[in-house]
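Accompanying notes for the structure given below.
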Amino acid sequence: MSVQTAPITQAYSITREKRRRQFSPWLLLTVIAVILALVFVAWPIVNVLLSSFTASEGGPLDGWKEFFADPAYLTAVGNTLLLAAIVTVLATTYGVFLAYFTSRFRFWAKAVIAVLPVTAILVPEVIVTQAWLMFLGNNGFLTRLLRDTAGIEMPTLYGWRGLILILPLLYYTYVYLGTLAALKGFDSQLEEAAMSLGSSPLQARFKVMIPAIFPAVASTSIVVFTLTLGNFATSTIIGGDVDLLAPLTYRVFLAETGGDPMMQSTLATTAIAIVALVLFLQRLTVGRKKYEMVQGRAWVPIRVRGASGVFLSIITAILLIASTLPLVMVIVIAFTASSGPVLRWGEFSLDNLTTVLSREPQPILNTLTYGGLACLIGILVSIVVSVVIVKKKNFLTPALDYLVMLPMALSGTVLGIGMMSAFGAGPIGLGGTGAIIVLVFVIRRLVHGVRNSSATLHAIPDSLEDASVSLGVPPFKSFLKVVLPLMVPGIAAATVLTWTTIIAELSASLVVYSAGRETITIKVFQLMGTGLNGQAAAYGLILVVLAIVPIVIATRVFKIRLFT
């Protein structure tokens, strides 16, 4: 890929030099952004680390002594690492296979099938878990059907079996999207050149294609690994007797509420250390492998045919059905009549939706209120931060970029504990208020807004703003009149993705919420604990609608490309 740059004229150089000498409000905004990031991102994390060494009674290392002495904690760490490794391998296999199949072959309804995996990340995790429980749980639809009609007893979904079934289907989409993008940018002429030099088609793929897409596959696999490490909802609901780090950290947090937060801080520090080590290893391995396509000619997809084509189509169909099944199950259960915890399969009713909308609408209102406010604040902050990172760089920009990305490496439980530890009590005292829920939403999902806005800014030439300045328009006014309008599509995409991920948030908000401030995901989590799955599905359906409607409006009405 070649890069062409416009010639820099003398007038252009003078204009840029004059701009450098003028006072820039962006430097002031950068300083403010860095201070806010230090207070609301770095301080909670530092507070967690310090709390693990500052027990109110005993020595500073008592937490760590207990951690290494109690087999339950070490077992949880071992189980978490093992689960993350298994899920990463399976999710990578699913994602790479599906990306290769959709990019290399031509088949019926390819355009629809290629985007179906995206539904796996649109439906909130707690809803997906709930749907699988309703399908294959002890009283699930398929379990009861096989037991009542054929006398077949299905194995329990709880424990390792359920975790290994559900989590790869939750996360493989990240590998799929990253690998698909790499395959679309792969130059097929390289593979042809390898074969012309004597390599077989299989050898050409192993020697040319796989090294070229390896960085994309490895990077997205790391994302899956870190997401599994911090997974809370599925691990808590389905995990059963399997001790895992995130649920254990939450249970210790509940046990230590109002007391010494020694062990919750120790476990949170352990989670941070594991993620930091993984990211460090990623930089040592994946970060050194970089391939650039100088001139790309994409593959010409070939028609699926023969026995091998049928076999690949069947595997693809199974994957896609498993991905979309939770959404279908939520819709069916939301409209299924129920008597308390008993679902009357085959009888349909609007009672579940009527109940949640008329009797308990507060979680919906809380989600709209806290989520909407957090989305608005997050997008405004994202615009400023992305402009500073991409267009108005200064000596503080690298620090700001790192601080903003930091929450992405933390699990929601750890972030929630950090927020409660730093701002739950004391002079600020946000504990028990809606403000701390909004704050957690903003910090946890800020990265989505920043990354989408930054991607848009990279495509806007600096020369446009410079031309406006050279015509006498002040720099800040030039930004507002020239750059900001061009950012609108990127801002819209960032808003949709930020909103979608905020309303699906559970683990962090579950740590910081108080009675009467439940969001929909928290309410679904609570209802599943009481067995009222019909109402839980009704809330889940409303949540899915709240997530999908903005996406449909953005893609269909405003023609915004969200996932490409």
Q | Sequence ranges 92-99, 330-337, 204-211, ranked by mean other-Cβ count within 10 angstrom, highest first | A | 92-99, 330-337, 204-211
Q) Taking the radius of gyration and the Kirkwood hydrodynamic radius from Cα positions alone, what is the Rg/Rh ratio for segment 67-156, to two decimal places? A) 1.12
Q: Please give the contour-minus-distance gain from Lys477 to Ala273: 0.36 nm per residue of separation, less the Cα-Cα distance, rounded to one decimal in nm.
A: 69.0 nm
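I need the helices of the chain that pass two filters: whole DSSP H segments spanning 20 Å or more by Cα along the axis, and mean Kyte-Doolittle score no lower than 1.0.
Span-like helices here: 71-104, 160-184, 210-229, 262-285, 306-334, 362-390, 434-458, 484-503, 533-552.
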Q. With each pseudo-label sitting 7 Å past Cα toward Cβ, what's the Asn139-Ile315 distance in nm, one decimal?
A. 3.9
Q: Over the residues of segment 173-216, compute the C-alpha Rg and express it relative to 2.2 N^0.38 Å.
A: 1.20
(Q) If I model a spin label at Arg303 and Gln189 as a point 7 Å from the Cα along the Cα→Cβ vector, what separation in nanometres do I get? (A) 2.9
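Per Stokes-Einstein, at 4 °C and 1.567 mPa s, what whole-number D in µm² s⁻¹ belongs to segment 128-180, with the Kirkwood radius over Cα pairs as the hydrodynamic radius? Mind dumping the intermediate values first?
On the way: Rh = 12.3 Å.
D = 106 µm²/s.
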Q. What length, rounded to one decimal in nm, is gained on full extension from Phe280 through to Lys65, with 0.36 nm per residue of separation minus their alpha-carbon distance?
A. 74.8 nm
Q | Assigned charges on the beta-carbon of Lys, Arg, Asp, Glu; the chain dipole about Cα centre (debye) | A | 2160
Q.
For semi-axes √(5λ) of the Cα gyration tensor in Å, pick the label among (i) 37, 32, 21; (ii) 38, 34, 25; (iii) 42, 32, 25 that corresponds to the value derived from the coordinates.
A. (ii)
Q: For Leu27 and Tyr402, compute 0.36 nm times the residue count separating them, minus their Cα-Cα distance, and round to one decimal in nm.
A: 133.3 nm
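Treating only the Cβ of Lys, Arg, Asp and Glu as charged (+1, +1, -1, -1), what charge dipole size does segment 55-121 show about its Cα centre? Round to the nearest 20 debye.
840
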Q: For the chain, report the accessible area per residue in Å² (1.4 Å probe, heavy atoms, rounded to an integer).
A: 48
Q. Percent of accessible area on segment 161-281 owned by carbon and sulfur, 1.4 Å probe?
A. 69
Q | Rough spin-label spacing in nm, given labels placed 7 Å along Cα→Cβ, for Met154 and Val115 | A | 3.1
Q: Please sort 148-161, 541-554 by packing, taking for each peptide the average over its residues of neighbouring beta carbons within 10 angstrom, highest first.
A: 541-554, 148-161
Q: Please get the size of the charge dipole for segment 390-527, origin at its Cα centre, with Cβ charges of +1 on Lys and Arg and -1 on Asp and Glu, quoted in debye to the nearest 20.
A: 100
Q: Run through all the Cα pairs of segment 43-110 and give the fraction in each 5 Å bin from 0, expressed as whole percent.
A: 3, 13, 11, 12, 12, 10, 8, 7, 7, 6, 5, 3, 2, 0
Q.
Cα atoms only: what Rg and Dmax, in Å, come out for segment 294-388?
A. 23.4, 64
Q: Relative to the compact-globule scaling 2.2 N^0.38 Å, provide the ratio for the alpha-carbon radius of gyration of segment 364-450.
A: 1.17
Q | Charge-dipole axis of the chain as Lys and Arg at +1 and Asp and Glu at -1 on Cβ define it, positive-most pick from Ile522, Met209, Thr30 | A | Met209
Q) Amide H to amide H under 5 Å from Phe105: which residues, 5+ apart in sequence or cross-chain, H placed 1.01 Å off N in plane? A) Ile302
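The values are calculated or read from the model by the stated rules, or taken from the named source; none is laboratory data. Given the structure is predicted, the values throughout are model-derived calculations rather than measurements. So basically every Cβ, Gly included, is an ideal-geometry build from the backbone, and we count neighbours across all protein chains shown. Areas reflect the complete protein model, heavy atoms only, side chains present, ligands, DNA and RNA absent. Shrake-Rupley method; radii C 1.70, N 1.55, O 1.52, S 1.80 Å.
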